[in-house]
Each structure stands twice: as C-alpha cells, then as structure tokens.
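Below: one structure, written as structure tokens.
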Amino acid sequence: MAVHIHPLDIPPKYYKPLGQVVAGWNLTEALIASIIWHIHKIKQPEEGRLFTYRPSAAQKLQIFAVSIKRFVKDASIKDELTLLRGRASDLKAKRNMLAHGLWGRMPTQTIWKVFYHTETDDMLLLKRKEMNVETVRRIAADVRKLSFDLKKFMSRNGVPPP
C-alpha cells in the first residue's frame, strides 16, 4: 500500500497560482451576484446581499441557473449566461479541489497530488489527481478569463459592478 506524505509546506511555486485561483474566484462570485441582482431588478445592496451573499458558491450558481432559466426572456442573453454559468460551475469544482484538497506526494517522488472528496449516492470517496504547477496556472488563467467575460457581459448589458 502506498503511503503519501503530506508536509506542512508545498513547493513555493504553487502558492502564487493557488492564490490567484482563490482570490480570482471571489471576484467571479461577486460578479455573478451582481448579474443575479440585475436579473431580478434589485437596486438596494442590502436586499441583494440577503439574496446572494450567504449562499455557498454551489447554491449561488443554482440561484443563477434558475434565474437565467425563469427570468431572462431574451434568448441570446439566456444562451450567453447559460454558457458563463456552465464555465463557472466547472471552475468551482476545480477551485474547490485546489483550495480544499489535501496536498501530498510519495516520499521518493516529486509529483504532487491533490486528494479530494467526491460523493456517490451512498458513499463518500477519496480521489486524487496529479497536480503540476502549470495546471494550477491554467486554472488561475481560466478563472481570470471567466471574470473578464462576466465583466464584458455586464458592460454590454448595463449591469452595475459589485
């Protein structure tokens, strides 16, 4: 049986892209909240915060999905938002794996892995994925690109910033 080690520190080259994923995701969530407010014509920040600040990212994306499906009438806007929401959902899973996963490696190897949980109907499974710094950088770039695209959508459609 393989025994991975989980040291206190991972290689320093991982920290910057990990920080970009985590901090970048916070902006992504704020932009999505602003779009949700706009869909529902919420003008008062206090009201909007009640609606979108307490839910988890998964719950917020579900609110976003239902809002798009039920309250956006323009088909082209609905299609664009549906694609943006899909990208956000995919990146949320990657962000969660990186931010909440347990980093480790085999004692004699330099290949780092992230251990993370996934659920089935009746079981909680521990999975692992090899993770090199280039992959983390790519995820960080994808998060940044999504936020950029959300901002472009907002600008074109008169959605105020968060």
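At full extension, residue 128 and residue 51 could sit 24.2 nm farther apart than now, given 0.36 nm per residue minus the alpha carbon distance.
For residue 131, the amide hydrogen comes within under 5 Å of the amide hydrogens of 112, 113, 114, counting only partners 5 or more places away or on other chains and with H modelled in the peptide plane. Using alpha carbons only, the radius of gyration of region 18-162 set against its Kirkwood radius gives Rg/Rh = 1.04. Here the contact order of region 41-114, divided by its residue count and restricted to Cα pairs under 8 Å and six or more residues apart, works out to 20 percent. Among complete DSSP H helices in the chain, those whose alpha-carbon atoms stretch at least 30 Å along the helix's long axis and whose mean Kyte-Doolittle hydropathy reaches 0.5 are 15-39.
Bear in mind that the values in this text are calculations on the coordinates, not laboratory data. This is a predicted model, so every value here is computed, not measured.
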